[in-house]
Structures are given as structure tokens and as C-alpha cells.
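Below is one structure; the comments refer to it alone.
Nothing in this text is a laboratory measurement; each read-out follows from the coordinates by a stated rule. Values in this document were obtained by computation on a predicted structure and should not be read as measured data. In this analysis, Cβ positions are derived from the backbone assuming ideal geometry, glycine residues included, and neighbour counts consider all displayed protein chains.
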Amino acid sequence: FLEDGRAFALADFDHDGRLEVFLKNRNGPQLRLLQNVMKDLAPSIAFRLRGGKSNRDAIGAAITVETGLGRQTRMLQAGSGFLSQHSKEVFFGLGEATGPVRASIRWPSGLVQELHDLPLNHRVWVEEGTAPSRFEAFKANPQGLKPSSFGARGGTAEAVPLPKTSLRDSDPLPANVETWLLVPVAAPDFSLPVLNGHARTLAALRGKVVLLNFWVADSTICQQDLKVFNRLHARWATQGLRLLTVNLDDPADAEKVRTLARDGHLSFPVVQGSDDLAGTYNILYRYLFDRHRDLSLPTSFLISGGGEIVKIYQGSVNPDQVEQDFRHIPQTAAERLAKALPFPGVSDTLEFRRNYLNYGSIYFQRGYLDQAEASFRLALHDDPASAEALYGLGSVYLKQEKSSEARESFERATRLQASYPDTLANAWNNLGLLATREGRTAEAIPYFQEALNLNPDHLIALENLGNAYRQQKNWDEARKLLERAVAVGPQDAEANYSLGMVFAQLNENDRAYEYLQRALKARPGYPEALNNLGVLYLRTRRRDDAVASFEECIRVAPAFDQSYMNLARVYALEGTPDKARIVLLELLKQHPGHVQAQTALQQLQ
């Protein structure tokens, strides 16, 4: 709301068991009532208490409600809102509970009162020390409220009769919504086949205004839009608007989509969507607005010649509106402000921006690396001194195994001032990781140390530095670092595994067992830990445990080759080459060109 809100209070105004919100504003309207009209809420129960020996309002009483699903406790409090007071009724949501409710009340006087067989969806009146005096069922059909001039000048406003229809029926959400963006957002590019098999890219239309439409075959609204597009797309093209539609049906239904296109004589390009494209645009859509929602279909995006989304159409497309919009795309911030906001205004200090750093992070977490890279580049363009944008770019390149680009990005990030505490530590750690991958362990160690100078409890840097010392066979330093790592992250599988391997090298078998078992407890399907635990069992002459560990590793990680090789060696040393051969053949099913397995098979013949 636009008003300057100062206080709010919660109360069940219409006695339907649902709390309403009362908003008190400094300016008008000074009081706003938000009615709760949510459908299909779970059952609930409410209590009204009156003290006898305790204070009359029972402030400080604690009510505990028990159902078959569990127990919950609430206290009756005063002064629960700024310059306001919530209703002194105490409400409990009961989830999926179906049977009667039990309750106990601890009154401020110390008296504990037990109540049994309380009905669901009722308001219960209780006076201290006596049985409930009244039960009132919640109203089944809450009525909507008409606007009223509460607090109007000249005394109390007239009572407004409740209408006969619920707000749920009279005020449905609009099916079609059009939104101009205050700040355009770059449209993610894609390269996908159209129904005739030729690839189509969004970038190929750069320089032209594009209406990008997402649809599914079973939607009546989508089918109506396709008919409109078929009638108008040629005219739009001559006027400068290109149409590109994307079908997001399951690929298994591709033939149904082709049939629809053939029977409808669709003459405009229909792109066969993919999970990645749907995921990319869903993320884009979710984070365009404060109310994060998944992309609904149909939805269309108006894209400027510069490749930026300037307007979004949710629901059916109004072709007349589209024609007007693409001819009058705003070019300046003032023009965008005038179109995007429902009222004129003046703003000398407020600047609207798109958070591409946030987009890049979300795309990266979801595995959409190309879009993450594009977003981090845009974030860096907006703020060339952003260490976070450079770190994000480096992380993308690291995933893409572009080592030189990743190194350059991380090095540039370390020379900047970071906005988040671990950005620089992470960048130094990743520089060390790159050096380790390339076999330059001695060069990696100072990078990890720089990360730990910035954050002594940086778990990954502790693990990486400890493992670097392991590679150098500097067991004492490795043990110290990895013990610190385990202290920081006691449930971290990697830290426990690495420390267990150090103790195995030091022939401290009991401690090696302990930490390998901890690693497996943290990650039960950890193949390296299972395999090396089997090796440790062999070293301590526990043959059956070793075989069981190798077999478990093969079961949970059939692509991990070392357990096959170790199990085959056990059978070969025991003089059972047939068993060894079976194990090696199973390995070759997973890795047909495995040289060691082929060599071992030849040696068994």
C-alpha cells in the first residue's frame, strides 16, 4: 500500500475463525481492514479467557493444545503491536487434525486447568477455574465488506450492511495482467529447433522488436492466442514486430503439438521448448517481482530491439494493445516511469535498478551457466568495481573448466573491496584450487593461506590446504589443518575422510577407522571412503569386512572403478580367479575401455 502505515492489529472481525488485519495509517485512509478470504483453510480453535483469581484479562496465561499431530503452546500477551493491541482471543491452527482437542491452561495465578473433548472450528469461552461456559462454531461463509468511511469527520460512520456475496465470488483476480517494467531486463538467449527441425535463436532477431510467447497445447486460452497470431503475424512483421512462440509441452507430446500446428495451419515459427529454457525463463519471471511466483501459461514478453524485456503480458494477449505497445516502447527512465506506475510523480533521488548479481547467483545455483555468465557480465557492467560479480564470473568459468578466464576473474576480484564477508576468501581459495588442478601444489598453498588469513574458519580452505599438505606428504601440517577443519565442520564428510586418510598414512589405524566411519555417517554413499575403509580392513587382516566394504561401494557407486579392482585383487590372491574375472567383467560393463581391468583379465588367463 502507498499509505504511511504506523500500526497493525490482528482480530477475527467477522467471527469466521480467520484473523483479519487492521492497518492504521498516518495519512488517509487512516484505517484499512484486510479481510481474510483464503479458501480451504485447515481447522482451528480459539479461546477467550477471563481471569478470576488472576487478572481479569488473563494476561500471561499460557494455553497448550494437544491433538494427535502434536502439541503447541501460546501465551496471552498485551502490548503486542506498536500503539495497538491484537485481539485477546488466542487462535490455534490445527493442521490435519480430525478428532477432539485437548487443552490445558496455566493461569497467571498458577492454577492449571485441563479441558477435554473440545470441538474443532469453535470459539471457547473459559473462566478461570470453571468449565467452559460457551462454545460457538465459526461462521461457515464469511461475508465480504464494503468500503466504509471509518473514522470519518463528524462522528461515527453509519453501519454498512454486509453484501450477500462473498469477496471470493465478487472480486476474482484478473485473468489478464499487463506490466511495463520500470527497468528492462535482458532476455535470455536460446538456440532451439522449430517444428520443422531448423534451429532458431533469439539473438538472430536482435535489432527487431519481438513478441515472445510461451504456451501449451491443452490450454484453451493458448489455442485462442495461436489463432490470433496466425491471423496477424504477417501484418505485424511488415510493421516491425516479429513473433516467436515457444511450446512448453512435454517432449513426449511433440506429435500432438505438430498435429495442432498442422491442423491449425500455423504459419509462424513455433520453437520446441526445453526444460532448461523453461527453467531459465521461470527464474527470470520469479525474480522480476517482489511476489515470487512461477511462470503461468500463457505468458508473453515484449522484447525491444536491444534484446531487453520491456513489458510482460500474463494471460491472453490483446492484439490491439500489443500493436500500440510495440510502437511506443519507452526509451528513457522518465518514459518508463510514466508507463509503469499508475500515477504521476516526482523522484529526484530514487534510481531503479535490476539486480543482475542476484540473477547470476540463482542461475548458477540451478546450473544454468550460460545465463549466469550473462547476468554476472551485466552486473559487472553496472558496477565495474563489484568483487562479487567478478567472483561469480570466475565461478562460472571454473565450472566450465575455463581455467585461464577463471584465474583472471578471481585475481581481479582479490584486488577489489568486497561487499560480502567471504567473497575474497572464496576467490583466494579458488585460485588455490586452480593451481592444485594443474599440479602446482606449492603455488596453491599460499592462496589457501590467504583465504584463511581473511577467514580462519573457512572450512573449504582448511580442507584444501590440508589436502595440499597431504599431496606433499607433510603429514604433520596436514593433520593440524584437517583437525581444525573437523572442529569447524564436525559433520563434513570431506574433512573427516581426509583426516582419516592422514591417520591411515601415519599407521594410526584406530583413528583412521574412526574418521572414515564419520565420513560415511555424514555421507553414506561416499565411494572413496568405502573403498579406502576396505583397504584399511585388508591392512589389518579383516578380510570379510574388506570384501563387504568393496561390495557396498560397488552397489552404491557402480561407476567408481577402484572397488572393482581391489575386490578382484582379493579374489586373485585367494586363488579364486573365476570370482575375480566376474568382478572385472562387471567393471568393463561400466567402463568398456578400462585399461587396468583389461590388463588384469589377461593376467588371470
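Pairs of alpha-carbon atoms within less than 8 angstrom and 6+ residues apart define the contacts here; what relative contact order does region 5-137 have, in percent?
Relative contact order comes out at 25 percent.
Please arrange 214, 13, 343, 352 by counting, for each residue, the other beta carbons lying within 10 Å of its beta carbon, fewest first.
343, 352, 13, 214
Please compute the volume of the convex hull spanned by the alpha-carbon atoms of the chain and report it per residue in Å³. Intermediate values should be presented prior to the final figure.
Values: hull volume 170.6 nm³, N = 605.
Looking at the chain, the number lands at 282 Å³ per residue.
Charges on Cβ only, +1 for Lys and Arg, -1 for Asp and Glu, centred on the Cα centroid of the chain; of 448, 90, 375, which one is farthest towards the dipole's positive end?
The residue sitting most towards the positive pole is 90.
Quick one: helix 475-488 against the long Cα principal axis of the chain, what's the angle to the nearest 10°, folded into 0 to 90?
It works out to around 20 degrees.
Looking at the square roots a ≥ b ≥ c of the eigenvalues of the Cα gyration tensor of region 5-137, which shape do they give, rounded for a/c under 1.5, prolate if a/b is larger than b/c, or oblate? List each step's numbers first, then the result.
Numbers: a/c = 2.34, a/b = 1.36, b/c = 1.72.
Oblate, because a/c is 1.5 or more while a/b does not exceed b/c.
Please state the relative contact order of region 204-362 as a whole percent: Cα pairs under 8 Å, 6+ residues apart?
It rounds to 27 percent for region 204-362.
For region 5-137, give the magnitude of the charge dipole about the Cα centre (Cβ charges: +1 Lys/Arg, -1 Asp/Glu; no others), in debye to the nearest 20.
Numbers: 17 positive and 14 negative charges, 118 e Å.
Here region 5-137 has a charge dipole of around 560 debye.
Which residues does a label at residue 73 reach in region 96-132, if reach means a backbone N under 15 Å from a point 7 Å past the Cα toward the Cβ?
103-114
Peptides 316-329, 506-519: what's the order by average Cβ count within 10 Å, highest mean first? Kindly include the intermediate steps, with their values, before the conclusion.
Values: 316-329: 15.7, 506-519: 17.3.
Sorting 316-329, 506-519 by mean packing, highest first, produces 506-519, 316-329.
For region 355-415, just say rounded, prolate or oblate: build the C-alpha gyration tensor, square-root its eigenvalues into a ≥ b ≥ c, call rounded for a/c under 1.5, and beyond that prolate if a/b exceeds b/c, oblate if not.
On the way: a/c = 2.09, a/b = 1.05, b/c = 1.99.
Oblate.
If the cut-off is 27 Å between C-alpha atoms, which lysines fall inside it for residue 53, apart from same-chain ones fewer than 8 positions away?
Cross-link targets: 88.
Along the charge dipole of region 293-450, pointing to its positive end and built from +1/-1 on Cβ of Lys, Arg, Asp and Glu, which listed residue (352, 386, 307) has its Cα farthest out?
The listed residue farthest towards the positive side: 307.
Could you order the peptides 524-537, 51-64 from most to least packed, using the average number of other C-beta atoms within 10 Å per residue?
Packing proxy ranking, top to bottom: 524-537, 51-64.
Among 30, 133, 41, whose Cα projects farthest towards the positive end of the dipole of region 5-137, with charges put on the beta-carbon of Lys, Arg (+1) and Asp, Glu (-1)?
30
Between residue 199 and residue 278, what FRET efficiency comes out of the Förster formula 1/(1 + (r/R0)^6) with R0 = 30 Å and r the beta carbon distance, rounded to 0.05?
After rounding, the FRET efficiency stands at 0.95.
How many angstrom separate the Cα center of region 550-582 from the Cα center of region 355-373?
A separation of 42 Å, based on Cα centres.
What's the magnitude of the charge dipole for the chain around its Cα centre, counting Lys and Arg as +1 and Asp and Glu as -1 at the beta-carbon? Answer in Debye, nearest 20.
In debye, rounded to 20, the chain gives about 680.
For the pair residue 135 and residue 286, how long in nm is the line joining their label points, each one 7 Å along Cα→Cβ?
Here the modelled spin labels are 4.4 nm apart.
With an 8 Å cut-off on Cα pairs and a minimum separation of 6 or more residues, tell me the relative contact order of the chain in percent.
6
Setting aside same-chain residues fewer than 8 positions from residue 227, which lysines have a Cα under 21 Å from its Cα?
256
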